[in-house]
């Protein structure tokens, strides 16, 4: 029992939790914006994967990991735009479109990796983002070990999530977004351009998922590998729903998922005699259980997944 407690409760696990929560939390916030506006976004996985690939490719071409991050955001945003065109412009089924985007992103990135790098499993190494060591914070006991030294994207992401919460709940634009997802007819009546709000939110969700993908390929690793998002887009959607479509609560849910992921990784390197397959299942089983409970207890935006045609020529 003490061996299990040592594996679960230690500073290394907490540090890893912070590190691994970032891509899920960023993508969960993207999902929150998309779904608050009324558009279901199953395609977060494909947007994250596209961002990871675009970041590595741009980094190799330019030699700059920060330009790689920029192009990862653009790549994710372009895939978000595709999702928006189909779901908002062409009024296709949101779930079907999202699944199609995930399949398209997986196949396209795998094919391009073989064309560009002539490799099937992983790309060539590129220059990754260096870690930041924050003065004062790094010297604090315990807290300095957990938060003092990370990729710059960790600190930037926490700031973005806070700003995302402010935007969604403390600004007129956030009110318009929430109104669009709850009652698009009422929003249209008071002059809100429902179509423009939804396009903005879906594209923004792609940009945030792309940034999450850049973290995977340019901060955690220095290369792109086949399907490297590994289900994190679906975890992000679960975190989004479990967090009540709230960026800050989505961050908390991401911490929970990442903590279980950190535990399973540590259990694989410990002396505990547990089958590897069972250990690797832990984060995904938890995701399914939490998502099942969240779907039952949470109340999604009232117009989520519904198409809307404006009576004023805007929707």
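Only the coordinates and a few stated rules stand behind these numbers; no lab work does. Everything numeric in this text was worked out from a predicted model, so none of it was measured. Heads up, the Cβs are rebuilt from the backbone with ideal geometry, glycines too, and the neighbour counts pull from every protein chain shown.
Computed FRET efficiency, Cβ-Cβ of residue 10 and residue 196, R0 41 Å: what is it to the nearest 0.05?
Numbers: r = 49 Å, r/R0 = 1.19.
So the FRET efficiency works out to roughly 0.25.
Starting from the Cα-Cα distance between residue 298 and residue 62, subtract it from 0.36 nm times their residue separation and give me the gain in nm to one decimal.
Values: separation 236, 0.36 × 236 = 84.96 nm, distance 4.49 nm.
That works out to 80.5 nm of additional length.
When a/c is below 1.5 the answer is rounded, else prolate if a/b is larger than b/c, else oblate, so apply that to the chain with a ≥ b ≥ c taken from the square roots of the Cα gyration tensor eigenvalues. Don't jump to the answer; show the numbers that get you there.
Working: a/c = 1.69, a/b = 1.41, b/c = 1.20.
It comes out prolate by the Cα gyration axes.
Give me the Kirkwood hydrodynamic radius of segment 3-155 in Å, from all C-alpha pairs, to one decimal place?
Details: mean 1/r = 0.0567 Å⁻¹.
This gives a value of 17.6 Å.
Based on a Kirkwood Rh over C-alpha pairs, give the Stokes-Einstein translational diffusion coefficient of segment 69-208 at 25 °C and viscosity 0.890 mPa s in µm²/s.
Once the numbers are plugged in, D ends up at 133 µm²/s.
Can you give the Rg/Rh ratio of segment 204-257, where Rg is from the C-alpha atoms and Rh is the Kirkwood radius? Before the final figure, lay out the partial values.
Working: Rg = 11.7 Å, Rh = 11.8 Å.
With Rg and the Kirkwood Rh in hand, the quotient comes to 1.00.
Determine by what factor the alpha-carbon radius of gyration of segment 152-227 differs from 2.2 N^0.38 Å, reporting the quotient. Can you show the working numbers first?
Values: Rg = 16.1 Å, N = 76, 2.2 N^0.38 = 11.4 Å.
Compactness ratio reported: 1.41.
Normalising by the residue count of segment 86-200, find the relative contact order in percent from Cα pairs under 8 Å and 6+ residues apart.
On the way: 66 pairs, mean separation 16.4, N = 115.
Relative contact order comes out at 14 percent.
Starting from the Cα gyration tensor of segment 35-115, take the square roots of the eigenvalues, sort them a ≥ b ≥ c, and report rounded, prolate or oblate (rounded when a/c is under 1.5, otherwise prolate if a/b is larger than b/c, else oblate).
Numbers: a/c = 2.98, a/b = 1.82, b/c = 1.64.
In terms of gyration-tensor shape, prolate.
What does the helix-only formula give at 222 nm for the chain: each DSSP H stretch with n ≥ 4 adding -39500 (n - 2.57), the total divided by the residues, and the result rounded to the nearest 500 deg cm²/dmol? Before the final figure, lay out each step's value.
Working: 13 runs with 215 residues, N = 315.
Counting only the DSSP helices, I get -23000 deg cm²/dmol.
Can I get the semi-axes of segment 7-64's equivalent ellipsoid? Compute them from the C-alpha gyration tensor as square roots of 5 times the eigenvalues, in angstrom, largest first.
On the way: eigenvalues 128, 100, 13 Å².
They are 25, 22, 8 Å, listed from largest to smallest.
Report the Stokes-Einstein translational diffusion coefficient (µm² s⁻¹, integer) for segment 92-165, Rh taken as the Kirkwood radius over Cα pairs, at 25 °C with viscosity 0.890 mPa s. Could you put the intermediate results ahead of the total?
On the way: Rh = 16.2 Å.
For the chosen part, D equals 151 µm²/s.
Which order do the peptides 220-226, 39-45, 16-22 take when ranked by the mean count of other beta-carbon atoms within 10 Å per residue, highest first?
Values: 220-226: 19.7, 39-45: 28.7, 16-22: 21.4.
By packing density, highest mean first, the sequence is 39-45, 16-22, 220-226.
What is the extension gain from residue 156 to residue 171, computed as 0.36 nm multiplied by their sequence separation minus the C-alpha to C-alpha distance, in nm to one decimal?
3.3 nm
How long are the three semi-axes of the equivalent ellipsoid for segment 109-150, computed from the Cα gyration tensor as the root of 5 times each eigenvalue, in whole Å, largest first? Walk me through the numbers before you get to the answer.
On the way: eigenvalues 305, 18, 7 Å².
In descending order, the three semi-axes are 39, 10, 6 Å.
Can you give me the distance in nm between label points at residue 91 and residue 145, each placed 7 Å from the Cα along the Cα-to-Cβ direction?
5.9 nm
So what's the angle, to the nearest 10 degrees on a 0 to 90 scale, between helix 65-84 and the longest Cα principal axis of the chain?
Approximately 40 degrees, to the nearest ten.
Note the full-extension length gain between residue 115 and residue 133 as 0.36 nm times their separation in residues minus their Cα-Cα distance, in nm to one decimal.
Numbers: separation 18, 0.36 × 18 = 6.48 nm, distance 3.79 nm.
Length difference between fully extended and current span is 2.7 nm.
Tell me the relative contact order for the chain as a rounded percent, counting alpha carbon contacts under 8 Å between residues six or more apart.
After rounding, I find 36 percent.
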